[in-house]
Number of protein chains: 2
Amino acid sequence: MTYLSILGFVAAALTTAAFIPQAVKTIRTGSAEDLSLATFSMLLAGTLCWFAYGYGIGDVPLMAANGITASLAAVIFAIKVQAVLRKQG
Amino acid sequence: MTYLSILGFVAAALTTAAFIPQAVKTIRTGSAEDLSLATFSMLLAGTLCWFAYGYGIGDVPLMAANGITASLAAVIFAIKVQAVLRKQG
């Protein structure tokens with residue numbers, strides 16, 4: 001394994017796992033006021049597109065990384081939408 | 001341009017631009033209570049690793065996309081650190 005492939009692996013692990021703490025915090029506090037609905041909508045849509053692209057080129061690691069991030073983004077997105085609807089309700 | 005490369009381009013554009021609304025919102029409100037410091041630290045470190053990896057393999061689009069996301073993550077991270085320090089101060 002070269003230094004470069006280790007660097008790529010670390011980059012993938014960090015950006016994939018990055019949203020775990022935010023999902024945990026948002027679930028625990030139920031508070032999403034400071035989160036941007038646009039950001040998590042775009043992140044959800046973007047990671048789903050990467051997942052489909054990974055499927056299209058047969059790249060399993062790309063599918064796995066974006067599948068994880070999309071699931072985390074979906075959780076945060078859902079709580080944010082709930083908060084917005086409650087505020088309008 | 002195939003449908004697949006269009007999908008890849010859309011995925012890259014969405015995940016790169018995704019943090020613009022969050023950066024704008026965090027700058028405008030100065031409020032970062034609901035943001036996870038761990039998430040934005042990992043995101044900043046991860047995108048910087050991707051930037052270095054892109055440099056290593058000579059992939060300019062990978063460098064550009066992650067350079068933009070790292071800058072946005074850095075802005076959000078800085079405001080969050082400021083808020084945490086102010087709270088402890």
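The values are calculated or read from the model by the stated rules, or taken from the named source; none is laboratory data. In this text the structure is predicted, and so the values were computed from the model without any measurement. Cβ: placed from backbone, ideal geometry, glycine included. Neighbour counts: every protein chain shown. We work out accessible area using only protein heavy atoms, side chains counted, and drop any ligands, DNA or RNA first. Shrake-Rupley method; radii C 1.70, N 1.55, O 1.52, S 1.80 Å.
The residues of chain B expose on average 52 square angstrom of accessible surface per residue, using a 1.4 Å probe on protein heavy atoms.
Pair-distance distribution of the stretch B:3-88: all C-alpha pairs, bin width 10 Å, starting at 0; shares per bin in whole percent are 18, 43, 28, 10, 1, 0.
Rg and Dmax, both from the Cα atoms of the protein assembly as shown and both in Å, are 16.3, 55. Between copies, residue A:38 shows label-point distances of 2.9 nm, shortest first, with the point placed 7 angstrom from Cα along Cα to C-beta. Of the chymotrypsin sites (Phe, Trp or Tyr not before Pro) in the stretch B:4-89, not one is in a loop by DSSP (not H, G, I, E or B) with at most 10 other beta carbons within 10 Å.
With the whole protein complex present, residue A:42 retains an accessible surface near 50 Å², based on a 1.4 Å probe. Note on the stretch B:3-88: dipole from Cβ charges, positive end direction compared against B:27, B:8, B:67; the farthest Cα belongs to B:27.
Residue A:87 label point (Cα plus 7 Å toward Cβ) to equivalent points in the other copies: 1.9 nm, shortest first.
Magnitude of the charge dipole for the protein assembly as shown, about its Cα centre and with charges confined to Cβ atoms of Lys, Arg (+1) and Asp, Glu (-1), is about 600 debye. Think of each Lys and Arg Cβ as +1 and each Asp and Glu Cβ as -1; about the Cα centre, that makes the dipole of the stretch B:3-88 roughly 320 debye.
Only aspartates and glutamates eight or more places from residue A:25 in sequence, or on another chain, were considered; those with a Cα closer than 12 Å are B:33, B:34.
The rotation axis that maps chain A onto chain B passes nearest to the beta carbon of this chain A residue, listed with its distance in whole angstrom: A:34, 2.
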